[in-house]
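Chemist: Questions regarding the structure given below will be posed in turn.
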Amino acid sequence: MTTPAGTVYSNDTDYFSYQAGVVFRPTEHGSIYASFATAANPVGIDPDLDSLSASNKDLEPEKARTFEIGTKWSLWNNRANATAAIFRTEKQNTRINIDANTVTNAGESKVDGFELALTGHITDKWEMALGYSYLDSELTKAAYNLVAQEGRPLPFVAKQSANLWSTYQVLPKLTLGAGVQYRDQVFANTNPNTATTSTKILPTFTIYNAMAKYDVNKNVNLQLNVNNISDKRYFTSAHASHYANEGDGRNAVLAINFKY
């Protein structure tokens, strides 16, 4: 990476990743699976942290391995699909932004969680999709830096999140829809509350969305989406110490869609 001043920073990393899995189908309508995968995340490409710079150019890549067991089922004469999964992700060289100028390999971490999802047709005109996830994160082994403390939740990992979206064809050419998104509070850092440091928290939020779609003909439709109907003020991410990124306020998008 080259900065505006002309300084070039680089970070060269080699890493071999792999994955494996097995699938068992007890019936034609369902399957059970287990999988294992590894991954690496080199410094400088994480969108939630700073790009490659003098302060992070020598950091080691994050290395992760994930164990997962899940199941997928087709229900109600193939009108709906349900999925469920439990998993654990273990990470080495966990990268955390601990203050305004410092990104560090904070140590080892884990995330234990499960996810549930259901999508399908309740009737010929009524569709619904819902999902829920639970993530229990922890910095399990802190590195040299005492600011990032063992036992604390990882930044930007919501313990609970959920979404619901539903559409209904009220007329042959008119479909209405509405939905809700929920995210639990998240920590923006792993700092304790002391005389020199403080825990930063982004609060819980719930936002509501709606849409209307009108089919002009089989090839053209008009769609209006209204997002964050209640104009809720919420934050999507933050720096460890000095700023937060605000989510979009109430907004509307009108689109003309063509298909052939």
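Read the figures in this text as sums done on the coordinates, not as results from a lab. As the structure is a prediction and not an experimental result, all values here were calculated from the model. Every residue, glycine as well, gets a Cβ built from its backbone with ideal geometry; the counts of neighbours run over all protein chains shown.
Chemist: In Å and whole numbers, how far do the C-alpha atoms of region 60-108 stretch along each principal axis, longest first?
Modeler: Dimensions of region 60-108 along the principal axes of its Cα atoms: 56, 22, 13 Å.
Chemist: Just order 29-42, 59-72 by mean Cβ neighbour count inside 10 Å, highest at the front, would you? Intermediate values should be presented prior to the final figure.
Modeler: Working: 29-42: 15.1, 59-72: 16.9.
Answer by packing, highest mean first, reads 59-72, 29-42.
Chemist: Moving on. Hey, what did region 19-258 get for relative contact order, percent, Cα under 8 Å, at least 6 apart?
Modeler: 11 percent
Chemist: Please work out whether region 19-258 counts as rounded, prolate or oblate from its C-alpha gyration tensor, where a ≥ b ≥ c are the square roots of the eigenvalues and a/c under 1.5 means rounded, while otherwise a/b larger than b/c means prolate and anything else oblate? Mind showing how you got there, number by number?
Modeler: Details: a/c = 2.46, a/b = 1.49, b/c = 1.65.
Verdict is oblate for region 19-258.
Chemist: Taking amide H positions as placed in the peptide plane 1.01 Å from N, state which residues far from ALA238 in sequence (5 or more) or on other chains have amide H under 5 Å from it.
Modeler: Residues meeting the criterion, in which the H sits 1.01 Å from N, are ASN245.
Chemist: Tally Lys and Arg at +1 and Asp and Glu at -1 over the other residues with C-beta under 15 Å from the C-beta of LEU224: what net charge comes out?
Modeler: Details: positive: LYS173, LYS213, ARG250; negative: ASP215.
Summing Lys/Arg as +1 and Asp/Glu as -1 gives +2.
Chemist: Return the subset of LYS63/LYS159; LYS72/LYS159; LYS159/LYS232; LYS110/LYS232; LYS72/LYS200; LYS72/LYS213 for which the Cα-Cα distance in this structure is over 27 Å, preserving the input order.
Modeler: Values: LYS63/LYS159 22 Å; LYS72/LYS159 23 Å; LYS159/LYS232 21 Å; LYS110/LYS232 32 Å; LYS72/LYS200 38 Å; LYS72/LYS213 31 Å.
LYS110/LYS232; LYS72/LYS200; LYS72/LYS213, as the Cα separations exceed 27 Å there.
Chemist: Which order do GLU150, GLU127 fall in if you start with the one that has the fewest other Cβ atoms within 10 Å? Before the final figure, lay out the partial values.
Modeler: On the way: GLU150 15, GLU127 19.
Going from least to most buried by this count: GLU150, GLU127.
Chemist: Related question: Given H placed 1.01 Å from N in the peptide plane, which residues other than close sequence neighbours of ILE201 have an amide H under 5 Å from its amide H?
Modeler: Amide H to amide H, under 5 Å and 5 or more residues apart or across chains, ILE201 pairs with ALA188.
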